[in-house]
Amino acid sequence: MRSALLLMLPLALSACADVDRPAPAAGEAYGTLEPFASESIYFVLTDRFVNGDPDNDHRDQGGEHPTFDVPLAPCDGVTGNVGYLGGDFRGLLDNAGYIRGLGFTAVWLTPIIDNPDQAFTGGDEITCTGFGTDRGKTGYHGYWGVNFYRLDEHLPSADLDFAGLTSGLREGGLKTILDVVGNHGSPAFTMPVRQPQFGQIFDARGELVADHGNLPPEQLDPANNPLHRFYNTSRDLVQLSDFDADNPEVMDYLVGAYLHWIGQGVDALRIDTIRHQPLSFWKTFSDRIRAEHPGMYMFGEAFDDVAVNIAPFTLPENGGISVLDFPMKTAMVEVFGSGQAGFERLGEALYLENGPYANPYDLATFYDNHDMPRIDASDAGFIDAHNWLFTARGIPVLYYGSETGFMRGQLEHGGNRSYFGQERIDAAPQSPIFAPLQRIATLRRDTPALQRGLQVNLLLEGDTAAFYRIYQHAGEAQTALVLLNKGDAARNIVVDALVQPGEWRDAFDGSGVRIGERIEIEVPAHGVRVLLRDAAVDAPELQAELARLMQGARGE
């Protein structure tokens, strides 16, 4: 019978607490006290979001190697583009209300720094499935920095600089997450004829401080050529100019540049290619940033779905930088994409107890982004994915357009980074994905237990899931009971263990729900029920379990 199965399931419960905070007091229960855990993040590839100011398009830039609107040959009938398409600060700010209205509280935008003014002529020819094939590509994405102190000219408007953007977003209820690069500059070699800016770095005054000279890394001579000192003499990522982590000039340059932008209203940092610099580099970097901005939340991209490989970045001795949760991303694609694995697969990726992370609750959770195929899910699959993403542990991140299933299943050169635009935004509420996302994202935004609560799994099996999120701290107490059904028919979810009896309320409509000695609640097809109880846990069995978990968090 179902109740017997429940008792046989292992409980994946958290024994983690914030490593830089005081030990929890008796009776307290929480997953994290990280302030940024209350946020949910909408990720925009700025150039691909909305063109709010055509005057900054620079459509004639690049000469014989133009940078605006560079279409590719179709991939499975979808035409990608590797040129700039006009998205800018104005287009983002004009739609701050749209993003906030969806339920989000923060915007992660791609790097804002100056990129080359031509399309790259080196590298490998772009293919539909190729990753890192860059011939003919431009720096529309922002990750090919040449002057880290200067805005890319395609982004600001005459009346809107970066400080104006962050201020406007804040007025609209949104925090700003700046994407930063500490591993590389622009592509630097293999050009048939050397191109200006590629492989070069300029300082705040516009003076040249580094130059790869279109030479392969092994031909650089940093001992005798000062302009080679920024770079390593061995290859790393494709043709990118690879920064020397051991050169203090590199650290000074990057920290100085990013402090400059942070001072204009940045609330958190996303760090690109974090695994391509040593842990000691990030420890120094994070210490210097936080010396000026204490407690700043940072999360890095370590492109690896093995938890033990990415967890070291999260440890305090290595800088205490959270990471994008690639193991959970892989599991979510399997569960909510075309494979339709069961909820038990997600349990494997939670790492709630005795896992390798400093704190799994501080991870940035997602199911796709600009560097991989968009999830190949049905409308119902997107709805189910969002119901999990905004109720389970972690800080949810959504890639622009996912609220409509935009370009689902597409790779980078086949539409993953296609232009979204104002017309699609205006039409987005008509998508069947939109309203359920708005509903669950708004609930998380308004519910402390879903932001910071300890996750106690009751059932992760097949198409159904049940778990608590429990938050008891500093006199505040709230428990959320989350029930998920990704099946095509309504289901009764029954739980016999760790039941908290009493009066609960439906989080969506406010109606009262009485729970007795067992939980037995119907959940609609591809639906979510969330019940809330604004009181401390008093069920003895559940109290004992919370005490055990929090004792583990104290190291007792």
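The values are calculated or read from the model by the stated rules, or taken from the named source; none is laboratory data. What you see is a predicted model; the values in this text were computed from it and never measured. Glycine gets a Cβ as well: all are built from the backbone with ideal geometry, and neighbour counts include every protein chain shown. What goes into the accessible areas is simple: the full protein's heavy atoms, side chains included, and nothing from ligands, DNA or RNA. Shrake-Rupley method; radii C 1.70, N 1.55, O 1.52, S 1.80 Å.
Some values worked out for this structure:
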read-out	value
DSSP-loop GluC sites (Glu not before Pro) across the stretch 493-545, with at most 12 other Cβ within 10 angstrom	Glu517
Rounded to the nearest 20 debye, dipole of the stretch 198-292 from Cβ charges on Lys, Arg, Asp, Glu	280
Solvent exposure of the chain as accessible area per residue, Å², 1.4 Å probe	35
Charge dipole (the chain, unit charges on Cβ, about Cα centre) - positive-most of Pro187, Leu33, Ile519	Ile519
Dipole axis of the stretch 338-417 (+1 Lys, Arg; -1 Asp, Glu on Cβ), positive-most option in Phe406, Ile383, Tyr361	Phe406
Loop-located trypsin sites (Lys or Arg not before Pro) in the stretch 225-313 whose Cβ has at most 13 other Cβ within 10 Å (DSSP)	Arg235
Under 16 Å from the Asp371 label point (7 Å along Cα→beta-carbon), backbone N, the stretch 228-260	236-243
FRET efficiency, 1/(1 + (r/R0)^6) with R0 25 Å, evaluated for Ala489 and Glu353 via beta carbons	0.15
Of all accessible heavy-atom area on the chain, the percent that carbon and sulfur account for (1.4 Å)	50
Helix axis angle, 162-171 relative to the chain longest principal axis, alpha carbon, degrees	20
Gap separating the Cα centres of the stretch 414-475 and the stretch 324-372, nearest whole Å	14
Simple spin-label estimate for Ala544 and Ala525 in nanometres, 7 Å along Cα-Cβ	4.2
Whole-number percent relative contact order across the stretch 304-378, with pairs defined as alpha carbons under 8 Å at least 6 apart	36
³J(HN,Hα), Karplus 6.51/-1.76/1.60, whole Hz, each residue of the stretch 79-94, x for Gly, Pro	9, x, 8, 10, x, 5, 10, x, x, 7, 4, 4, x, 5, 5, 4
The stretch 194-263: GluC sites (Glu not before Pro) in DSSP loop, at most 13 other beta carbons within 10 Å	Glu207
Between 0 and 90°, nearest 10: helix 379-389 axis offset from the chain longest Cα axis	80
In nm, spacing of pseudo-spin labels at Val238 and Glu334 (7 Å Cα→C-beta vector)	2.9
Between helix 540-554 and the chain: long-axis angle, C-alpha atoms, 0 to 90°, nearest 10	30
In nm, spacing of pseudo-spin labels at Arg288 and Leu315 (7 Å Cα→C-beta vector)	2.3
Two-site FRET efficiency, Arg345 against Ala158, from Cβ-Cβ distance with R₀ of 30 Å, rounded to 0.05	0.05
Percent RCO, i.e. relative contact order, over the chain, from Cα pairs under 8 Å lying at least 6 residues apart	17
Dipole of the chain [Lys/Arg +1, Asp/Glu -1 at C-beta], most positive-end residue of Phe299, Ile113, Ile493	Ile493
